[in-house]
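Notes to accompany the following structure.
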Amino acid sequence: RPRVLSGIQPTAGSFHLGNYLGAVRQWVALQESHDAFYMVVDLHAITVPQDPAELRSNTRIAAAQLLAAGLDPERCTLFVQSHVPEHAQLGWVMNCLTGFGEASRMTQFKDKSAKQGADRTSVGLFTYPILQIADILLYQAHQVPVGEDQRQHIELTRDLAERFNSRYGDTFTMPAPYILKETAKIYDLQDPSAKMSKSAASPKGLINLLDEPKVSAKKVKSAVTDTDTVIRYDAENKPGVSNLLTIYSTLTGLSIPELEQKYEGKMYGALKTDLAEVMVDFVTPFRDRTQEYLDDPETLDAILAKGAEKARAVAAETLATTYDRLGFLPAK
Ligand code: TYM
């Protein structure tokens with residue numbers, strides 16, 4: 001079985017619709033066909049200041065949402081990044097192999113640090129993608145299911161795998177991004193030129209899966225479209241409507257042409273009202289299931305402990321080989 005690995009940050013509490021459609025949904029599907037490793041990346045979370053109590057709570061909330069979305073601990077390995085110390089250890093090695101200029105070209109860092117200002121930006125935020133490289137290479141992952149915004153980090157991972165392998169001998173599997181074209185980038189409902197993101201300009205454009213369903217329904221109903229009236233998929237000229245059609249199609253399984261036909265001659269209002277209902281039908285059971293996992297923290301923590309144990313077995317082996325290749329004296 002080919003291997004997949006991916007991670008998600010616990011920082012926002014609730015996942016947003018972009019996280020789910022762009023990544024988590026694929027994680028659920030891939031656990032059937034792949035040897036799958038998925039983690040909550042708390043080490044990545046502390047690249048910006050976190051309140052300790054909130055971080056702990058959000059880490060459980062993230063894990064509960066992953067289970068609610070359909071991850072099955074019998075079919076995949078679900079764990080918390082900090083439970084596997086090899087991530088930080090291989091992260092250091094990768095830091096030493098990455099060029100400063102190369103790391104400086106990461107656009108996510110440039111965007112985030114520009115917003116915060118240099119004095120408030122941690123060195124950890126700068127080396128964030130390098131820890132992500134370690135995450136992927138530790139598990140010898142063949143594919144990494146993510147949204148489009150992570151593509152550059154996976155390209156860098158490939159560069160580093162290639163560099164290490166050619167310098168020290170074949171050690172790491174070359175990973176490939178696994179990005180579904182249709183859902184690679186879900187857009188902000190108020191600004192369809194921007195990706196949906198927890199740092200959105202207006203909270204109205206962001207669907208949080210754990211919000212009250214009626215809040216999400218309202219956001220769908222007030223989504224920005226255009227002054228035209230035709231319901232047609234055209235990402236370039238009709239980004240708002242196209243985004244709604246993508247979301248609708250993915251949540252229901254109806255194809256875009258089927259939806260275009262269903263709404264032929266109808267107004268945007270009809271599309272939005274129906275999609276609002278689809279959204280409520282999706283988030284309501286999702287929230288309930290998440291809450292069930294949160295109501296039983298012992299079971300949740302036991303799932304994560306078992307996941308960490310399975311993950312560690314793989315990670316430790318890769319790290320041992322890496323240390324050996326580098327010429328570190330064995331501890332014995
Ligand atoms: P994070 O936590 O920001 O996002 C989790 C996943 O959601 C995807 N995503 C989107 N997809 C489509 N449309 C959107 N609007 C949208 N917004 C977010 C992201 O692409 C991501 O797949 N660096 C990663 C976490 C990470 C990781 C890893 C991923 C750490 N180590 C190793 C893969 C492999 C991140 O911050 O994701």
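The values are calculated or read from the model by the stated rules, or taken from the named source; none is laboratory data. Worth saying up front: this structure is predicted, and the values here are computed from it rather than measured. Note: ideal-geometry Cβ built from the backbone for every residue, glycine included; neighbour counts use all protein chains shown. Only protein heavy atoms, including side chains, enter the accessible area calculation; ligands, DNA and RNA are left aside. Shrake-Rupley method; radii C 1.70, N 1.55, O 1.52, S 1.80 Å.
For the reader, a short list of remarks on this structure follows.
- Qualifying residue in segment 158-170 (condition: within 12 Å of the ligand (Cβ to nearest atom) and part of a helix (DSSP H, G or I)): no
- Any hit, segment 7-26, residues being more than 9 Å from the ligand (Cβ to nearest atom) and buried (at least 24 other Cβ atoms within 10 Å of the Cβ): no
- Segment 120-157 - residue that is within 14 Å of the ligand (Cβ to nearest atom) and small (G, A, S) and, of those, nearest to the chain's Cα centre (by Cα): G147
- Any hit, segment 89-96, residues being open to solvent by 30 Å² or more (accessible area, probe 1.4 Å) and more than 16 Å from the ligand (Cβ to nearest atom): yes
- Tally of residues being surrounded by 15 or more Cβ atoms within 10 Å (Cβ to Cβ) and farther than 25 Å from L66 by Cβ across segment 235-253: 7
- Residues that are assigned to a loop (DSSP other than H, G, I, E, B), more than 13 Å from the ligand (Cβ to nearest atom) and free of Cβ contacts under 8 Å to residues at least 40 places away in the same chain within segment 191-214 comprise A201, S202, E212, listed in sequence order.
- Residues of segment 20-61 that are polar (S, T, N, Q) and within 24 Å of A305 (Cβ to Cβ): Q31, Q50, S57, N58, T59.
- Filter result (more than 27 Å from R167 (Cβ to Cβ), open to solvent by 70 Å² or more (accessible area, probe 1.4 Å) and either at pLDDT 95 or above or of a type in the set (A, V, I, L, M) (or both)) within segment 97-133: A114, A118
- Only listed residue being within 9 Å of the ligand (Cβ to nearest atom), out of contact with any His (no Cβ under 9 Å at 6 or more places or on another chain) and not aromatic (F, W, Y), chosen from H44, H83: H44
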